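What follows is a single structure, written as structure tokens, with notes after it.
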Amino acid sequence: IRSKGSQEETAGTSNGLGGRNRSERACDMGDEDDTGAGPSAISDEDDDPTRRREIRSKYRDLINQVQQNREDMLNPANNKLTDVLEEANKLFANVRQAREAALDAQLLVLATDLGKEKASQLHAEGSAFDPSAFAEHLLSFMGLNRLEDESGQDGNLEGYLPQSAWQRLAKRSEYCFKTAPSFHYILGSFLAEPPPPRQRVERQRKAPSKEAKRMMPTQLKKMEESNQEATEREVERILGCLQKYFADDPEEPISYYEFVIDPNSFSRTVENIFHMSFLIRDGLVKMNLDKYGLPCIGKIKSTGHHFSCVCLNVLRDDMYYWCTIAPVEEGEVELGGAAVRNQCVISINQKSWRVSIL
Amino acid sequence: MSIHFVSVSCVYYSQGSIAMSQKKKAVSASQNKTQRRSQVCLDEDDEDAHFSQITSSQVQRAREHFTPVQIDRKVAEVVQFILIKDQKKIPIRRADIGKHVIKEYKGIYTEIMNRVCRTFEQVFGLQLVEIDPKNHIYILINKLEPIHGEPVSMRPGNPKTGLLFVILSVIFMKGGVIKENLVWNTLKKLRVDPGEKHDEFGDVKKVVTDEFVRQKYLEYVKIPHTEPVEYEFRWGLRAEKEVSKLKLLEFVGEVCAFLFLLHSLIQLTNLSVIVIINVIKCPLINL
């Protein structure tokens, strides 16, 4: 008997309820009409339709009460739910018919659900986390600027939330997900183009492609030559420059560094050094150190010490460009005649280039 | 001893009878094909039921009937089908795979699906996971764990991910089930009002209660016996598999701890509010 009653209780509030002796009532419950004549054991009270209606109305009140004041009932601070159940218990004492019992059952179901919710509220874990505070923290994370007020928004919201706010949150939250990247084709749509335009395009494309092919071999040939030619042309160009200078002033040596360094381009500078070394190698210009010890370029004279080079290495070693001007080997004919073999190593890197521009 | 035997044979008998009744159901279902109701789900349940009725002899016949090349092709078709279906992140039903792709290769369904799973793992680094063993629903998730410090993808983040994260973390921190009002109130604090159109999310209520629910990130369930009707939110089946609770908790902790520290700092040192706010704005403090 107790267990039947407690089945309804355990899902309810933590406050214990008195057991309801339902089995005792069960034998009293029949499905008599209000006006029908029942077994002789029933008293007048049970027969009275007003009384029946009263009980049913009270049950309905209780049910309404529970439904309308749900939040209130859930409040752990009060025992309103228990009160309702106690009321129902009292009412149940007078229940004689199925209709009333059905209402009682309905009320109990409601109360059970509420009781379950109320019990879950008692979880300690749930109460420690405050979603409002969490929201405030999130706003800060998203970059809320609390000093600036959003104009035109309602007064409760302070501060300006930047456009990228949700993006920022999304980027950080992505880590929590093991989302599979969506599969999308990189180009094209599934819409089929109507056939005629496609054919026209194809025909047009076919014609130029043949010519393009024919063009290719000649172009390539030109490319091959130009690599070597380009260097030669450059060297010749530089020689021409130098000769112009010397024409103006044959005796004045030109500072090497001034000549080769291009203040606008480091790579150009390296190229200039490279080309200059050809000229020196071929003996077309001479290079010697001036009174300050800086290299300078001068016109070839018949005598004198000057540098000459054969082997030219432009090495790239940790951002340094090394240009070694190596001595001439015996047997090589030079324009300069009997020249003393000397060697000069020039190095340049971006840093020193920048410094030298200044 | 004898009693023992009887009980064992009873078990076999009852298993047999269950199998019998299932077969009968399948047979009658196929007989009813002509009288089929318009309910689509009923159709697909029958289609799906076929998968469990395949006998080993059927499998053998199927394997002999198709060439290895054909089977390879079928595997590739299934892979492609799943990849396309996954674009919207709506879980894929086994019945759909059967109806649209596998069709007559039903007999070797298991073999095909095994190879499909292997292909996903080895070629794409993805995992095909059955989130609902009862209804046979699959999702694709990433097999590779995201590495902290490296961007998860090169594409700009989808703002909906942030929205989903907020809801999932509140549900998680509150024990796994919350009433819908809690979600709406929290979002309102974040300037996202379900009643208004939002710049980034549009119809927020639809995104949360329809899109996320269809994608199985969330469950939006009616609370029984409520008048007017109220709903509660839970984690969906996809979220259970796709979201790392640990990582989520870490992030929640980061978000809260930072300001907790700051709060303590204010109290300890009496720093002015302006200084603190500028500290928050400082780009170095990038969680």
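The values are calculated or read from the model by the stated rules, or taken from the named source; none is laboratory data. Only a predicted model underlies this, so the values are computations on that prediction, with no experimental measurement involved. Don't worry about glycine lacking a Cβ; one is built from the backbone with ideal geometry, like all the others, and counts go over all protein chains shown.
Could you list, in sequence order, all residues of region A:73-122 that are under 30 Å from B:Gly176 (Cα atoms) and outside any helix (DSSP H, G or I)?
A:Asn75, A:Pro76, A:Ala77, A:Asn78, A:Asn79, A:Leu122
Could you tell me which numbered condition B:Val69 fails, if it satisfies all but one of (1) modelled with pLDDT of 90 or more; (2) in a helix (DSSP H, G or I); (3) under 30 Å from B:Leu218 (Cα atoms)?
Answer for B:Val69: the failing condition is (3).
Determine, yes or no, whether A:Thr231 is modelled with pLDDT of 55 or more and of a type in the set (Val, Ile, Thr). Break it down stepwise before answering.
Working: modelled with pLDDT of 55 or more: yes; of a type in the set (Val, Ile, Thr): yes.
Spelling it out, A:Thr231 is indeed modelled with pLDDT of 55 or more and of a type in the set (Val, Ile, Thr).
Taking region A:120-131 as the search range and keeping residues that are at the interface with another protein chain (Cβ under 7 Å from one of its Cβ atoms) and loosely packed, with under 12 Cβ neighbours inside 10 Å, which one is modelled with the lowest pLDDT?
So the residue we want is A:Glu125.
Restricting to region B:200-210, name every residue that is free of Cβ contacts under 8 Å to residues at least 12 places away in the same chain and farther than 15 Å from B:Lys88 by Cα.
Just the residues of region B:200-210 that are free of Cβ contacts under 8 Å to residues at least 12 places away in the same chain, to begin with: B:202-203, B:205-206, B:210.
Across region B:200-210, the qualifying residues are B:Gly202, B:Asp203, B:Lys205, B:Lys206.
Out of curiosity, is A:Gly188 in a loop (DSSP other than H, G, I, E, B), under 29 Å from B:Cys117 (Cα atoms), modelled with pLDDT under 70 and more than 11 Å from chain B (Cβ to nearest Cβ)?
Here the answer is yes, as A:Gly188 does meet what is asked.
Which of (1) buried (at least 20 other Cβ atoms within 10 Å of the Cβ); (2) in contact (Cβ under 8 Å) with a residue 24 or more places away in the chain is the odd one out, the single condition B:Gly162 does not satisfy?
Only one criterion is unmet by B:Gly162, namely (2).
Kindly indicate which of A:Asp28, A:Asp61, A:Asp48 is modelled with pLDDT of 90 or more, out of contact with any His (no Cβ under 7 Å at 6 or more places or on another chain) and not hydrophobic (A, V, I, L, M, F, W, C).
Numbers: A:Asp28 fails: modelled with pLDDT of 90 or more; A:Asp48 fails: modelled with pLDDT of 90 or more.
Residue meeting the stated conditions: A:Asp61.
Being β-branched (Val, Ile, Thr) and within 13 Å of another protein chain (Cβ to nearest Cβ) is true for just one of B:Val213, B:Val229, B:Val208. Which residue is that?
After applying the criteria, what remains is B:Val229.
Checking the condition more than 9 Å from chain A (Cβ to nearest Cβ), of a type in the set (A, V, I, L, M, F, W, C), more than 19 Å from the chain's Cα centre (by Cα) and assigned to a helix (DSSP H, G or I), which residue from B:Val79, B:Val101 passes?
Every option except B:Val101 fails the conditions.
Looking only at region B:120-141, filter to residues that are touching a residue at least 40 places away in the same chain (Cβ under 8 Å) and at the interface with another protein chain (Cβ under 7 Å from one of its Cβ atoms); which one of those is nearest to B:Leu190 (Cα to Cα)?
B:Ile141
Would you confirm whether any residue within region B:142-151 is surrounded by fewer than 18 Cβ atoms within 10 Å (Cβ to Cβ) and either touching a helix residue (DSSP H, G or I) at 6+ places or on another chain (Cβ under 7 Å) or away from every other protein chain (no Cβ under 11 Å) (or both)?
yes
Which of the residues that make up region B:211-232 are over 15 Å from the mean Cα position of the chain (by Cα) and touching a residue at least 12 places away in the same chain (Cβ under 8 Å)?
The first filter runs over region B:211-232 and keeps only residues over 15 Å from the mean Cα position of the chain (by Cα), leaving B:221-232.
The answer is B:Val221, B:Ile223, B:Glu230, B:Tyr231, B:Glu232.
Would you confirm, using the coordinates I've provided, whether B:Ile178 is β-branched (Val, Ile, Thr), more than 7 Å from every other protein chain (Cβ to nearest Cβ), in contact (Cβ under 8 Å) with a residue 60 or more places away in the chain and touching a strand residue (DSSP E or B) at 6+ places or on another chain (Cβ under 8 Å)?
On the way: β-branched (Val, Ile, Thr): yes; more than 7 Å from every other protein chain (Cβ to nearest Cβ): yes; in contact (Cβ under 8 Å) with a residue 60 or more places away in the chain: no; touching a strand residue (DSSP E or B) at 6+ places or on another chain (Cβ under 8 Å): yes.
Considered against the rule, which asks whether it is β-branched (Val, Ile, Thr), more than 7 Å from every other protein chain (Cβ to nearest Cβ), in contact (Cβ under 8 Å) with a residue 60 or more places away in the chain and touching a strand residue (DSSP E or B) at 6+ places or on another chain (Cβ under 8 Å), B:Ile178 comes out as no.
List pairs: first residue in region A:247-266 and among the small types (Gly, Ala, Ser), second residue part of a loop (DSSP other than H, G, I, E, B) and surrounded by 10 or more Cβ atoms within 10 Å (Cβ to Cβ) anywhere in the structure, Cβ distance under 7 angstrom, at least six positions apart or on different chains.
Pairs found: A:Ser255/A:Leu294.
In region B:189-235, how many residues are assigned to a strand (DSSP E or B) and at negative phi?
In the first step, residues of region B:189-235 are kept if they are assigned to a strand (DSSP E or B); the result is B:197-198, B:202-203, B:218-222, B:231-235.
Next cut, at negative phi only: B:197-198, B:203, B:218-222, B:231-235.
Here the count works out to 13.
Considering region B:118-129 alone, what residues qualify as being surrounded by 16 or more Cβ atoms within 10 Å (Cβ to Cβ) and of a type outside the set (Val, Ile, Thr)?
Step one: list which residues in region B:118-129 are surrounded by 16 or more Cβ atoms within 10 Å (Cβ to Cβ), which gives B:119-120, B:124, B:126-129.
Listed by number, the residues that qualify are B:Phe120, B:Phe124, B:Leu126, B:Gln127, B:Leu128.
(1) in contact with a Ser or Thr (Cβ under 6 Å, 6 or more places away or on another chain); (2) farther than 30 Å from B:Phe81 by Cα: which one isn't true of B:Phe165, the others all being true?
Status for B:Phe165: all satisfied but (2).
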